[in-house]
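These notes are about the structure you will find just below.
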Amino acid sequence: MKTITERLRVPGAFLLGAVLLLGIAPVALSDFRLSLLAKYLCYAIVAVGVSLAWGRGGLMVLGQGVFFGLGGYAMAMHLKLADAADTGEKIPDFMQLYGTSDALPWWWKPFANPAFALAMTVLLPMAVAALVGFLVFRRRVKGAYFAILSQALAAALSIWLIGQQATTGGTNGLTDIQGFFGYSLDDPVNQRMVYFVIAAVLLLLMALARQLFVSRYGELLVAVRDSEERVRFLGYDPANVKLVAYVVAAGMAGLAGALFVPAVGIISPALIGIVPSIGFVIGAAVGGRASLVGAVLGAIAVAWAQSTLSDEFPAAWTYLQGLLFVLAVGFLPGGLASLGTVLRRRRTPATPKEEKVVVMAGEAA
């Protein structure tokens, strides 16, 4: 029987998060700092999906940049078409420089519809994840092989985008985005509106992930992570269980990419390749992949460190990023969220029963 304190712990945590993100941050931070926080919160949305797929499902998702990029490009394509329409042009500005004709490519045309573009920011990444996951999980590919395959997909998408300069902007990507559904992004008030949207989406997705964590499906996902053969023996298909987590995490990453575009005003292959994909996982690992709050705070902290340290030590940041990942996975698997639990266990001698139980450090919050 849960006490009143235990029942109010999770709602209280979400209320505190809402107050900090929606109340205190917009007042305490300058417009520039708030725009940076909006960018970091997009990475935190990806971390929520990583916490579900990796923290609960044991899936080393090192290719989230694929889905982040698909959502980002889907949103950027619509916004570039809207900007071109406002200036009376038929095609976006970069196509006038690099394109071979004045006609809009056929696969760009549907993205002129805002409803279609919004839907594609989530449905397209989920569709790709469903196809890849179906092929991979049915063949029982897992562990390091799944991680390598995820990275190969991220590299392939980045290379393809770079090679399609006339239709995707190539290495530069889609830049100089001016508006967001009729609102000018040059206006600080509208930039704050974008921040509020991103913060609200993060809180809603954390609530959704929390419900998945404590649901019957969440328990089944943990069972598949810990003993896949036993779950199969009980009559469940582990491939379907993992597929759902993978697809949901992809949808969250796609939505994060879509929100990243108006927050930063750009989407490019450099933001969705192998290195950014690893960065998404590092943030969740450092904070605590099994804890929603830990994964979110870790993603924000690592993104802030990257922005700060990469400017001062551009050559050393990549090595430091890799070191953080090794330390988190090798010495503190539960991330910083499990630090208190680890210290308490070292102070208190474990009973024989506790020594036999392998516990994933950090609780879903």
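Computed values, structure above
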{"read-out": "Descending semi-axes in Å of the range 81-130, equivalent ellipsoid built from Cα gyration tensor", "value": "25, 13, 8"}
{"read-out": "Descending principal axes extents, the range 1-129, alpha-carbon based, whole Å", "value": "68, 39, 24"}
{"read-out": "Residue of ALA166, ALA245, ALA76 that the Gaussian network model of the chain assigns the largest fluctuation, springs spanning Cα pairs under 10 Å", "value": "ALA166"}
{"read-out": "Residue order, fewest to most surrounding Cβ atoms within 10 angstrom, among LEU205, LEU221, LEU327, LEU332", "value": "LEU327, LEU332, LEU205, LEU221"}
{"read-out": "Burial ordering of TYR195, TYR40, fewest other beta-carbon atoms within 10 Å first", "value": "TYR40, TYR195"}
{"read-out": "ARG192, ARG139 arranged by Cβ crowding within 10 Å, fewest neighbours leading", "value": "ARG139, ARG192"}
{"read-out": "Using alpha-carbon coordinates, inclination of helix 64-86 to the longest axis of the chain, degrees", "value": "30"}
{"read-out": "Selected from ILE272, GLY235, ALA253, residue furthest toward positive end of dipole (the chain; charges at beta carbon)", "value": "GLY235"}
{"read-out": "Charge dipole (debye, nearest 20) of the chain; +1 at Cβ of Lys and Arg, -1 at Cβ of Asp and Glu", "value": "1760"}
{"read-out": "Entries of LYS80/LYS242; LYS80/LYS142; LYS39/LYS109 with Cα pairs more than 32 Å apart", "value": "LYS80/LYS242; LYS80/LYS142"}
{"read-out": "All Cα pairs of the range 22-273, percent lying beyond 28 Å", "value": "37"}
{"read-out": "Stretch gain in nm, segment PHE331-THR171, where the contour uses 0.36 nm per residue and the Cα spacing is subtracted", "value": "53.9 nm"}
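Read-outs throughout are calculated quantities, based only on the coordinates presented, and are distinct from any laboratory measurement. Being a predicted model, the structure only gives us computed values, none of them experimental. Cβ sites come from the backbone with ideal geometry, for glycine too, and all protein chains shown count toward neighbours.
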